[in-house]
């Protein structure tokens, strides 16, 4: 298989949403004085290239600093109307797909979680899934881009192997999310997400359908504004997030709300239906219940994030990481007396030495990012807690890549 090149999905900082907290100016001022990028590698490159820093933002927007180099570059899209989106060159690449402010609210209590974990063997069937393949379909664990993922080809179905997957295991309020990479060639086929398990099939329940840059549910349809692809025809990683609350369905793609639908259905489980003429990849599956905003979880004492990932290939945090950290920053900025212990885990590799090296870089990136957003250094104590060499029977699997925020 040809070597795939992927562009990490990056963060979006919305001036309209975070302006009142001054996060944009805090980021700018921090980097103006310290001149640091996220990640050691990124910092070295920035220093070598003589990265310029912008001057103070004016009321009508950010002006060019030196020699036409922008601290922040405005990015417009007709789907967002008059809302200005900003690219911070110190945090992300200008070519990256942008993320909106974090609007999806994940369930607080896990029902199912799979990265896949580091104990999964390459080219073997993933152990945490009920699998049904058709038409010479194939499902296996693969290593690409970063960490492990599930590769599928042909036609088939994937359903989480929860403790009681043969029964109705979904409550009235739940969330489901995962990352996927699918072809955007003319041969691409849709991915469908059904609200039932393989063992509890219900023909009356219609699926959420993802077809290239289109997401639909029944008679509702929305197009994602950007679906970039590289020369070999493969798309980048995208994140689908779904929430269900007593019939109210919200569907997000890369934090952009695509569909809101009120439906009279009783979901019993989750099944992903795919038809992959060319391979499709999945990773970072989270099924949870009891939706609760990040700010409320932090104020109650603890928030665990499963989406703060450090890209070892790019030497930086990913887009969802910045989205979630910006929410933590808002809480700390509004409550300057609040302090957090932050425990960082990194367990992508089976080699302890690699996990330690990249785990410490991830820890450093989390700390620098929060400070760049305006958090006082004395408000956070960020520690690398090590790696979890997980197994099928290890109850600590859920901490393998987690970042845990505890109020002191």
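The values are calculated or read from the model by the stated rules, or taken from the named source; none is laboratory data. Everything numeric here is computed off the predicted structure, so don't read it as measured data. Neighbour counts run over all protein chains shown; Cβ positions are idealised from the backbone, glycine included.
Let me spell it out: the conditions are (1) modelled with pLDDT under 95; (2) surrounded by 20 or more Cβ atoms within 10 Å (Cβ to Cβ); (3) closer than 28 Å to residue 139 by Cα, and residue 229 meets all of them except one. Which number is the exception?
It fails just one condition, (2).
Checking the conditions here, which among 286, 265 is in the same structural domain as residue 182 (by TED's automatic domain parsing) and surrounded by fewer than 19 Cβ atoms within 10 Å (Cβ to Cβ)?
On inspection, the qualifying residue turns out to be 265.
From (1) under 13 Å from residue 118 (Cβ atoms); (2) touching a residue at least 40 places away in the same chain (Cβ under 8 Å), pick out the condition that doesn't hold for residue 351.
The number of the failed condition is (2).
Select, from 111, 87, the only residue that is more than 19 Å from residue 310 (Cβ to Cβ), at pLDDT below 60 and touching a strand residue (DSSP E or B) at 6+ places or on another chain (Cβ under 8 Å).
87
If you check 117, 104, which single one turns out to be in a loop (DSSP other than H, G, I, E, B) and out of contact with any strand residue (DSSP E or B) (no Cβ under 7 Å at 6 or more places or on another chain)?
Sole residue among the options that is in a loop (DSSP other than H, G, I, E, B) and out of contact with any strand residue (DSSP E or B) (no Cβ under 7 Å at 6 or more places or on another chain): 117.
Here are the criteria: (1) farther than 15 Å from residue 405 by Cβ; (2) surrounded by fewer than 22 Cβ atoms within 10 Å (Cβ to Cβ); (3) in contact with a helix residue (DSSP H, G or I) (Cβ under 9 Å, 6 or more places away or on another chain). Tell me which single one residue 293 does not satisfy.
Result: residue 293 passes all but (1).
Exactly one of these conditions fails for residue 163: (1) part of a loop (DSSP other than H, G, I, E, B); (2) closer than 14 Å to residue 196 by Cα. Give me its number.
(2)
If residue 372 satisfies every condition in (1) in contact with a strand residue (DSSP E or B) (Cβ under 8 Å, 6 or more places away or on another chain); (2) at pLDDT below 90 but one, which is the exception?
(1)
Are any residues in region 307-324 outside any strand (DSSP E or B) and either in contact with a helix residue (DSSP H, G or I) (Cβ under 9 Å, 6 or more places away or on another chain) or farther than 16 Å from residue 105 by Cβ (or both), and if so, which ones?
Residues satisfying the conditions are 307, 308, 309, 312, 313, 314, 315, 318, 319, 321, 322, 324.
Would you check if residue 367 is in the same structural domain as residue 311 (by TED's automatic domain parsing) and part of a loop (DSSP other than H, G, I, E, B)?
no
Is there a residue in region 337-347 that is part of a helix (DSSP H, G or I), more than 14 Å from the chain's Cα centre (by Cα) and on the phi < 0 side of the Ramachandran plot?
No, region 337-347 contains no residue that is part of a helix (DSSP H, G or I), more than 14 Å from the chain's Cα centre (by Cα) and on the phi < 0 side of the Ramachandran plot.
Criterion first (outside the structural domain of residue 147 (by TED's automatic domain parsing), assigned to a strand (DSSP E or B) and surrounded by fewer than 23 Cβ atoms within 10 Å (Cβ to Cβ)) does residue 304 satisfy it?
When the stated conditions are applied, residue 304 passes them.
Kindly provide the set of residues from region 132-156 that are buried (at least 20 other Cβ atoms within 10 Å of the Cβ) and over 23 Å from the mean Cα position of the chain (by Cα), ordered by number.
156
When you look at residue 302, is it in contact with a strand residue (DSSP E or B) (Cβ under 8 Å, 6 or more places away or on another chain) and modelled with pLDDT of 90 or more, yes or no?
Yes, satisfied.
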